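Below is one structure, written out as C-alpha cells, with a few remarks after it.
The values are calculated or read from the model by the stated rules, or taken from the named source; none is laboratory data. All of these numbers come straight from a predicted model, not from anything done at the bench. Glycine gets a Cβ as well: all are built from the backbone with ideal geometry, and neighbour counts include every protein chain shown.
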C-alpha cells in the first residue's frame, strides 16, 4: 500500500495518499485502505497540512471492480468533508484522478500544485481525456 507524506513518514508538509491499485473486492482490504487514509488524513489535518488523494479515474465509475470503486469514491467523499472542516484555516484537500497512461511528471506537477495552492479545495481534478463529452456524476 503506497502511502506517503511529502516527506517520508511525515504529514507535516502535506499528505499524498495513493489508492492501492492492486486492491481486490474483499471488504477487509477496502476497510483497511480507508482506515489508513482516515488515520493519515487526521494526522495531516492536525498538522495543518494539505491533502491530495490520488485515485485511478476509471475507479470513480466502478469500471475496475467494487473494491477499487468503494475506495475511490470514499476518498472523494472524504476529501470533500475534510475540505469543509479545514476551509476556514485555508488548508486544501483535493482528489487527483489519473488515467493509466498519465505521464509521471504531469501527475507530480498536479500533486505539487494541489499541495501548494489553497485556491482549490474539495475538488476532483481529472487528468486525461477519457471523460471528454460525457455527463458524469
- Message: Six or more apart or on different chains, Cβ atoms under 6 Å: show the pairs whose first residue is in the stretch 106-134 and under 14 Å from residue 91 (Cα atoms) and whose second is at pLDDT 95 or above and in a helix (DSSP H, G or I).
- Response: 121/83; 122/80; 122/83
- Note on the structure: Only unsatisfied item for residue 104, checking (1) under 15 Å from residue 17 (Cα atoms); (2) out of contact with any helix residue (DSSP H, G or I) (no Cβ under 6 Å at 6 or more places or on another chain), is (1)
- Query: In the list 34, 115, which residue meets the criterion of being crowded, with 16+ Cβ neighbours inside 10 Å, at pLDDT 95 or above and in a helix (DSSP H, G or I)?
  - Reply: 34
- In this structure, is residue 69 more than 14 Å from residue 16 (Cα to Cα), without any contact (Cβ under 8 Å) to a residue 60 or more places away in the chain and part of a helix (DSSP H, G or I)? yes
- Message: Quick check on my filter: what residues within the stretch 37-57 are touching a helix residue (DSSP H, G or I) at 6+ places or on another chain (Cβ under 8 Å) and buried (at least 16 other Cβ atoms within 10 Å of the Cβ)?
- Response: 37, 41, 45, 50, 51, 52, 53, 54, 55, 56
- When you look at residue 76, is it surrounded by 13 or more Cβ atoms within 10 Å (Cβ to Cβ), assigned to a loop (DSSP other than H, G, I, E, B) and touching a helix residue (DSSP H, G or I) at 6+ places or on another chain (Cβ under 8 Å), yes or no? no
- Message: Can you confirm whether residue 87 is surrounded by fewer than 17 Cβ atoms within 10 Å (Cβ to Cβ), farther than 30 Å from residue 28 by Cβ and touching a strand residue (DSSP E or B) at 6+ places or on another chain (Cβ under 8 Å)?
- Response: no
- Task: Among the numbered conditions (1) in contact with a strand residue (DSSP E or B) (Cβ under 9 Å, 6 or more places away or on another chain); (2) at positive phi; (3) at pLDDT 95 or above, tell me where residue 128 comes up short.
- Result: (3)
